[in-house]
Amino acid sequence: MDFQVVVLAGGASKNLIPLVSKEVPKPLLPVANRPVLSYVLELLEQSNLKDLIVVVEGQDAAVRVGGWISGAYVGRLRVEVAAVPEDVGTAGALRAIAHRLTAKDIMVVSGDLVSDVPPGAVAAAHRRHDAVVTAMLCSAPVSGPSESGSSGGKDKTKKPGRYNIIGLDPTKQFLLYIATGAELEKDIRMQKSILRAVGQMEIRADLMDAHLYAFKRSVLQEVLDQKDTFQSLRQDVLPYLVRSQLKSEVLLNGAPQAEENGNEKVNPLKNQVMLSQILANVSTPSFHELYGLGTNGSTRRTHKCCVYIASNSKYCMRLNSIQAFSDVNRDVIGEASHLSGYSFSAQNNIIHPSAGLGSKTTVGPHCMLGEGSQMGDKCSVKRSVIGRHCRIGSNVKVANSVIMNHVTIADGCSIQGSVICSNVQLQERVVLKDCQVGAGFVVTAGSECKGEALAKKEK
């Protein structure tokens, strides 16, 4: 298909502290005991998109991610891992690797995307419309970003998140408006030319920009070169292309388009021939094509910004917050278990054959117990993921939580709605509710914590 794929994998990700660390950068955070990056890589592999550049923030993180990829995907994918400085933004990351982009079209996808929407469908829509950009939109997750960072809670407390305000044409194929971040609180301001050309616009607040885009490479590189203050694809590059689609300043196919001011005149007969060709080639011409013909023999510069809207039956979520980390882990062992790559038991859970359970210990549905982990007597696990080689004492209760690898939990502990990172030790009778515990931290006996982030102080 001649698509080159760039996976923006991130690195330290400050909004995921204390879950991330030097030893576990964001791309290697576990989702159902697999690195989150594996979900995107296998999704791309299924669409036969195997020529990849994985961009990682920070040299040390890039080495760790590269080492994992080379072991897990040898012979399956052609992956080049590129290190970029931290905090350069998504646009800055692409600028840093621009010299490596050679294909006609570039697919850019976030490495924290967990989805079953085929990227190949986005690529096909992009080519079909000859667009400069095509963005994948999906239904906004039912659990919105948490202001407090709380990682758990009952489903009934979850509310739909408002991630974007989207403007679509009547055919739902073209992107007319997009607001995100701070722009969500402002009044909607539309280009009059777009409204006049399209006639009507549908405003949607129930869709999320999934951060999977197909770009025409020549246009992407031109925008990144000329707009050197742009830092974000989602907040800068995409809105710019959408705003300017009927007064295009970009070069299409390497050549400037005709001027919009009417100084360049064309034969009216030629204009009629162009209209006849458009009508003959497509059943319903886009408003870009009709608008581009102009009036009084003039032509106008336009480019197309398209969308691919995923079916409501598809799963699509990004692991870009502590709340999302818990939600994605919950979903991948629950309603989206087909994404996990595991075979679930008749009890609808996964207990590794090498794991051990004590007397009267129960592991409920939608749970995972990793390789080599051992649990004592009279324990209870509900809707939780427990990693590899954990040592859990007796009378321990775990609910709606994620416990990573090599964690030691002493007798009588209670863990609810929390994330426990690798090599943590919980001493006797610790009670945690809606907490995050960073790697290697020791929680002393009898501690009771609610809504706290516990981590070692960085030296």
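Rundown of residues vs (1) out of contact with any Pro (no Cβ under 7 Å at 6 or more places or on another chain); (2) farther than 24 Å from Ala12 by Cβ; (3) among the charged types (D, E, K, R); (4) in a loop (DSSP other than H, G, I, E, B), yes/no style:
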position	(1), (2), (3), (4)
Ser343	yes, yes, no, yes
Gln347	no, yes, no, yes
His366	yes, yes, no, yes
His406	yes, no, no, yes
Gly446	yes, yes, no, yes
Lys456	yes, no, yes, yes
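A quick yes/no check of all residues on (1) out of contact with any Lys or Arg (no Cβ under 8 Å at 6 or more places or on another chain); (2) touching a residue at least 24 places away in the same chain (Cβ under 8 Å):
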site	(1), (2)
Ile309	no, yes
Met317	yes, yes
Ser359	no, no
Met368	yes, yes
Ser380	no, no
Arg383	no, yes
Arg391	yes, no
Ser401	yes, yes
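So that you can scan it fast, the table gives a plain yes or no per residue for (1) open to solvent by 50 Å² or more (accessible area, probe 1.4 Å); (2) of a type in the set (Asp, Glu); (3) over 28 Å from the mean Cα position of the chain (by Cα); (4) within 12 Å of Ile403 (Cα to Cα):
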position: Val419; (1), (2), (3), (4): no, no, no, yes
position: Gln425; (1), (2), (3), (4): yes, no, yes, yes
position: Glu428; (1), (2), (3), (4): yes, yes, yes, no
position: Asp434; (1), (2), (3), (4): no, yes, no, no
position: Val443; (1), (2), (3), (4): no, no, yes, no
position: Gly446; (1), (2), (3), (4): no, no, yes, no
position: Cys449; (1), (2), (3), (4): no, no, yes, no
position: Leu454; (1), (2), (3), (4): no, no, no, no
position: Lys457; (1), (2), (3), (4): yes, no, yes, no
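Among residues of segment 309-338 being among the hydroxyl-bearing types (Ser, Thr, Tyr) and under 14 Å from Met208 (Cα atoms), the one that is surrounded by the most Cβ atoms within 10 Å (Cβ to Cβ) is Tyr315. There is at least one residue in segment 189-204 that is modelled with pLDDT under 85, over 23 Å from Asp331 (Cβ atoms), touching a Gly at 6+ places or on another chain (Cβ under 8 Å) and part of a loop (DSSP other than H, G, I, E, B).
All of Lys433, Lys450, Lys397, Lys456 fail the test of being of a type in the set (Lys, Arg), under 20 Å from Asp377 (Cβ atoms) and in contact (Cβ under 8 Å) with a residue 12 or more places away in the chain, apart from Lys397. In this structure, is Gly120 modelled with pLDDT under 90 and either part of a loop (DSSP other than H, G, I, E, B) or not aliphatic (A, V, I, L, M) (or both)? The answer is no for Gly120.
Number of residues in segment 49-71 that are touching a helix residue (DSSP H, G or I) at 6+ places or on another chain (Cβ under 7 Å) and of a type in the set (A, V, I, L, M, F, W, C) equals 8. The listed residues are Leu101, Leu52, Leu94, and the only one of them that is without any contact (Cβ under 8 Å) to a residue 60 or more places away in the chain and more than 24 Å from Phe325 (Cα to Cα) turns out to be Leu52. Just to be sure I understand, how many residues within segment 1-19 are aliphatic (A, V, I, L, M), within 28 Å of Gln46 (Cα to Cα) and crowded, with 21+ Cβ neighbours inside 10 Å? Number satisfying all stated conditions: 5. For segment 124-143, the set of residues classified as assigned to a helix (DSSP H, G or I) and surrounded by fewer than 22 Cβ atoms within 10 Å (Cβ to Cβ) consists of Ala124, Ala125, Arg127, Arg128, His129, listed by residue number.
The values are calculated or read from the model by the stated rules, or taken from the named source; none is laboratory data. Values in this document were obtained by computation on a predicted structure and should not be read as measured data. So basically every Cβ, Gly included, is an ideal-geometry build from the backbone, and we count neighbours across all protein chains shown. What goes into the accessible areas is simple: the full protein's heavy atoms, side chains included, and nothing from ligands, DNA or RNA. Shrake-Rupley method; radii C 1.70, N 1.55, O 1.52, S 1.80 Å.
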